[in-house]
Amino acid sequence: MRFIPETNEFFDDCDIKQEEFASISNQTAILLMDFQNEFGAKGGKLHKTVSEVMDETAGMLHKVVDLVKAARKMGSVIIYAPLGMNESELYLQQRGLLTKNSWNCEFMKELKPTADDFILEDRTDFNAFSGTNLHSIIKSNKIKHLFMM
């Protein structure tokens, strides 16, 4: 998915060629949503829910890891959007899920942030913009293309 900040539009067209991506890489950000142990690692409470989709997409995790490495090499901005709640913020039906400062909320070992990456703080729902500094990161880095994964 692609996001154009100036117009607040989202597009599903990800048919961008590598040479095209190279020409816009310094205006591009990759937003990594929920690549946390809770979802993607065996032992995560929601792993069974998403593992079938991850398996059906022919190595999705490895493709994302390769894409992030390539994007970093080309100078793109990498933004992590972890979901996590304090024990007092948890919805009743989510007790024990995505609790901050737990193994479940840690990033998957395959996709650990580097010092140059951004990590959104205070995301407590399924919207990466709500309550976070995502918009300011996009603006301050002059991002014109946002790919969400």
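The values are calculated or read from the model by the stated rules, or taken from the named source; none is laboratory data. Predicted, not measured: the structure shown is a model, and the values here were computed from it. Methodologically, a virtual Cβ is constructed for each residue, glycine included, from the backbone with ideal geometry; neighbour enumeration extends over all protein chains shown. Surface accessibility is based on the protein's heavy atoms, side chains included, excluding ligands, DNA and RNA. Shrake-Rupley method; radii C 1.70, N 1.55, O 1.52, S 1.80 Å.
Listed values, structure above:
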| read-out | value |
| --- | --- |
| Region 119-149, subset at pLDDT 90 or above and β-branched (Val, Ile, Thr), residue farthest from Leu98 (Cα to Cα) | Ile143 |
| Test: residue in region 36-54 that is crowded, with 18+ Cβ neighbours inside 10 Å and at pLDDT below 80 | no |
| Residues of region 105-148 classified as open to solvent by less than 70 Å² (accessible area, probe 1.4 Å), without any contact (Cβ under 8 Å) to a residue 60 or more places away in the chain and part of a helix (DSSP H, G or I), total | 1 |
